[in-house]
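Here is the structure we will look at, set down as structure tokens.
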Amino acid sequence: MQATSVTWMATSSVSTSQVSAQVQTLTKPHWLGALAFAVLIGLSAQLSFDLPGTTVPQTAQTIVVLLAGAFLGFSAASLCIVLYLFAGLAGLPVFANGGSGANTLFGPTGGYLIGFWMAACLLGYLADIRKLRRPVWRLFVWMLLAHMTIVATGGLLLSFTVGLPAAWFNGVQPFIVGAVVKSVIAACIVLVAGVMIRRQ
């Protein structure tokens, strides 16, 4: 019950005051980009597998979340995650393993979904102020920080249900290596895309 309450408050803040002011400034390309990445996040959520010792699935969607922030900027990235979350809440099978509905979004693992919004907004803000540039190590650090924001938020809200020790061993520790690997992948994609754009 506590986890549900905390997640609901976080989701409410995402969908109202922190987003409404930004939506008014978005152009048609921003909306299309946000919608496209929301679809990609839903599709990549189906590329998942279970790690030994944890019931939280490992998915490819966190890479897409990081890319959404890096490519869309703060406003469109924020909208992208909100669209994705509301699509799942409306019943579309866009969460991991085809999940959907309030039971998933407001359940014990809903914190990871809220973490998507936080990570995308962080990278979107950094993209807006042109911080996601060379050197390569700095881009990787920002990607990893955003990814660990997802893991930490998910683990924190999971702890309201299972306790801190179980949340660490079940919802944080198993995903650290994956966070590093996927952050490297996301950083490489951003770098390659930047090179291709400059050559045009």
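Observations on the structure shown:
- Residues of segment 140-165 that are over 17 Å from the mean Cα position of the chain (by Cα) and either under 19 Å from Ala68 (Cβ atoms) or not in a loop (DSSP other than H, G, I, E, B) (or both): Ser159, Phe160, Thr161, Val162, Leu164, Pro165.
- Residue within segment 166-178 that is part of a loop (DSSP other than H, G, I, E, B) and closer than 17 Å to Gly73 by Cβ present: no
- Answer from Leu67, Leu51, Leu85 - the residue that is out of contact with any His (no Cβ under 9 Å at 6 or more places or on another chain), over 14 Å from Leu113 (Cβ atoms) and modelled with pLDDT of 95 or more: Leu67
- Residue in segment 73-131 that is surrounded by the most Cβ atoms within 10 Å (Cβ to Cβ), counting only those that are free of Cβ contacts under 8 Å to residues at least 40 places away in the same chain and charged (D, E, K, R): Lys131
- Pairs with Cβ under 7 Å, 6+ apart, first in segment 136-150 and within 23 Å of Gly111 (Cα to Cα), second of a type outside the set (D, E, K, R) and not in a helix (DSSP H, G or I): Trp142/Leu132
The values are calculated or read from the model by the stated rules, or taken from the named source; none is laboratory data. Since the model is a prediction, treat every value here as computed from it, not as a measurement. No Cβ is skipped: glycine too gets one built from the backbone with ideal geometry, and neighbour counts run over all protein chains shown.
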